[in-house]
Amino acid sequence: VTFLLIGGQDNFRGKLTIEQYIADVKRRVPKGNCTTAVLFVNEMPHMPQAALLGAVLPPMLRTVASWKKKGAGHAQAEVQGLLAALQQGKLWSGRLMVTSGPGKWEDMPFGQCGVDASKRASIAALGGA
């Protein structure tokens, strides 16, 4: 079971566009893998903000534990809980991508495709970008 948290403002992305970066991350997952999730948060720099980590870490851990115990395809409730946590406060936007079978990904966008200036100020106050 693998669960990655990656940020849109991360320097690991280099000169890649967001779409190229996400595609590169997904390409590195073995084709037969059925228990990988990638949480991409547009507003996250290299290190996650405390508010973001506090919101997503518990549901991420529940998802991992459920996958480990029940196997692939049995963590829908945990995934929905994670998406609900990301929607609270409307500070975050991005995509949650989960392997749904060998070589198959389910892509779940959340939040707005960008956060306005007033929300960015709130994120900055939380220790973010």
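Structure above, values below:
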quantity	calculated
Which of GLY81, PHE40, TRP67, positive extreme of dipole for the chain (C-beta unit charges)	TRP67
Alpha-carbon Rg/Rh ratio, for the stretch 7-60, with Rh computed the Kirkwood way	1.00
Formal net charge of residues neighbouring VAL64 (Cβ-Cβ distance under 14 Å; K, R +1; D, E -1)	+3
Sites GLN20 and LYS70 - FRET efficiency at Förster radius 30 Å, r taken between beta-carbons, to 0.05	0.35
Selection of trypsin sites (Lys or Arg not before Pro), the stretch 21-97, meeting DSSP coil and at most 11 other Cβ within 10 Å	ARG28, LYS31
Amide H contacts of SER93 (H built 1.01 Å from N, under 5 Å, at least 5 apart or other chain)	ASN42, GLU43
Distance in nm between pseudo-label sites at GLN9 and GLN87 (7 Å out along the Cβ direction from Cα)	2.5 nm
Fraction of beta bridges assigned by DSSP in the chain that are antiparallel (%, nearest 5)	65 percent
Rounded to the nearest 20 debye, dipole of the chain from Cβ charges on Lys, Arg, Asp, Glu	340 debye
Convex hull volume per residue for the chain, taking Cα atoms only, in Å³	92 Å³
Per residue accessible area of the chain, 1.4 Å probe, in Å²	55 Å²
With Cα atoms, 0 to 90° folded angle of helix 76-87 axis to the chain main axis	10 degrees
Exposure of ASP24 as accessible area (Å², to 10), given a probe of 1.4 Å and all protein chains	40 Å²
Within the accessible area of the chain (1.4 Å probe), percent carbon and sulfur	58 percent
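The values are calculated or read from the model by the stated rules, or taken from the named source; none is laboratory data. As the structure is a prediction and not an experimental result, all values here were calculated from the model. All Cβ positions, even for glycine, are placed from backbone atoms using ideal geometry, and neighbour counts span all protein chains on display. For the accessible areas, the whole protein counts, side chains as well, though only heavy atoms, and no ligand, DNA or RNA atoms are used. Shrake-Rupley method; radii C 1.70, N 1.55, O 1.52, S 1.80 Å.
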